[in-house]
Amino acid sequence: QHTARIAELTQSASQLPQIQPEPVEWSRVRAQRIGSAVHAVLERHAKRAPLADAAAFARTRFSLSESEFTETLELAQVAAASPIFTHELPSAHRVFTELPISESHDDESTSRFVDLVFQNAQGNWIVVDYKTDDITLAQLPDVIEKKYRMQLTNYAKLLERLTGAPPLETRLFFLRLN
């Protein structure tokens, strides 16, 4: 009886349409790994961890290859040398990294994590979202409009609901373009 059932299932399975898996885009996987690692480094560095320590943490957490680690560190160094990290964060009243912001509307819930939110020395809120996209300056306006403008608008609205005040600025920091 079992043999007959196995034969029946085997025949049924052979009649199913053959589905070809989509090829893996390894360059995209690599880019996502590096993006996640850079975010982890900057999250720790924004909280005053030394850059080398933050990078070592990310290297271990994401099991980065030597080339992935080098690229992650280079991108994190761009951010660490920026005025955000050298001037603004040291004088900030409050700093939040990977800040979870959620909202519910019509039985649907939206959750987002904002890379960096800080209250500057003047008491104004600033939102920063890091981007590791590999784009040119010529592509920048189109990429912002198509991919990120709505994201920043949503971050600003959600932060205003949390704090009662709109952020003074919402910024995209394209690390590869510095």
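The values are calculated or read from the model by the stated rules, or taken from the named source; none is laboratory data. Here the structure is a predicted model, which means the values were calculated and not measured. No Cβ is skipped: glycine too gets one built from the backbone with ideal geometry, and neighbour counts run over all protein chains shown. Heads up: the accessible areas ignore ligands, DNA and RNA and are worked out on the full protein's heavy atoms, side chains in. Shrake-Rupley method; radii C 1.70, N 1.55, O 1.52, S 1.80 Å.
Would you mind finding the one in Glu160, Glu103, Glu145, Glu108 that is open to solvent by 30 Å² or more (accessible area, probe 1.4 Å), of a type outside the set (Phe, Trp, Tyr), over 18 Å from Ala46 (Cβ atoms) and touching a Ser or Thr at 6+ places or on another chain (Cβ under 6 Å)?
On inspection, the qualifying residue turns out to be Glu103.
If you check Ala76, Ala56, which single one turns out to be more than 30 Å from Asn124 (Cα to Cα), part of a helix (DSSP H, G or I) and among the small types (Gly, Ala, Ser)? Quick ask: steps written out before the conclusion?
On the way: Ala76 fails: more than 30 Å from Asn124 (Cα to Cα).
One residue alone meets the criteria, Ala56.
Could you tell me whether any residue of the stretch 23-38 is free of Cβ contacts under 8 Å to residues at least 12 places away in the same chain, part of a helix (DSSP H, G or I), hydroxyl-bearing (Ser, Thr, Tyr) and loosely packed, with under 10 Cβ neighbours inside 10 Å?
Looking through the stretch 23-38, at least one residue is free of Cβ contacts under 8 Å to residues at least 12 places away in the same chain, part of a helix (DSSP H, G or I), hydroxyl-bearing (Ser, Thr, Tyr) and loosely packed, with under 10 Cβ neighbours inside 10 Å.
Yes/no per residue for (1) at pLDDT below 95; (2) closer than 21 Å to Glu169 by Cα; (3) basic (Lys, Arg):
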position: Ser82; (1), (2), (3): no, yes, no
position: Thr86; (1), (2), (3): no, yes, no
position: Glu98; (1), (2), (3): yes, yes, no
position: His105; (1), (2), (3): yes, no, no
position: Ser109; (1), (2), (3): yes, no, no
position: Arg112; (1), (2), (3): yes, yes, yes
position: Gln122; (1), (2), (3): no, yes, no
position: Trp125; (1), (2), (3): no, yes, no
position: Glu145; (1), (2), (3): yes, yes, no
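Quick check: anything in the stretch 73-84 charged (D, E, K, R) and closer than 22 Å to Ala46 by Cα?
Scanning the stretch 73-84 turns up at least one residue that is charged (D, E, K, R) and closer than 22 Å to Ala46 by Cα.
Mind checking whether some residue in the stretch 99-117 is more than 27 Å from Ser27 (Cβ to Cβ) and assigned to a loop (DSSP other than H, G, I, E, B)?
Yes: the stretch 99-117 contains one or more residues that are more than 27 Å from Ser27 (Cβ to Cβ) and assigned to a loop (DSSP other than H, G, I, E, B).
Looking at the stretch 137-154, I want the residues that are in a helix (DSSP H, G or I) and have a partner that is open to solvent by less than 90 Å² (accessible area, probe 1.4 Å) with Cβ atoms under 6 Å, at least 6 apart or on another chain. Which pairs are those?
Val143/Ile135; Tyr148/Leu172; Leu152/Thr170
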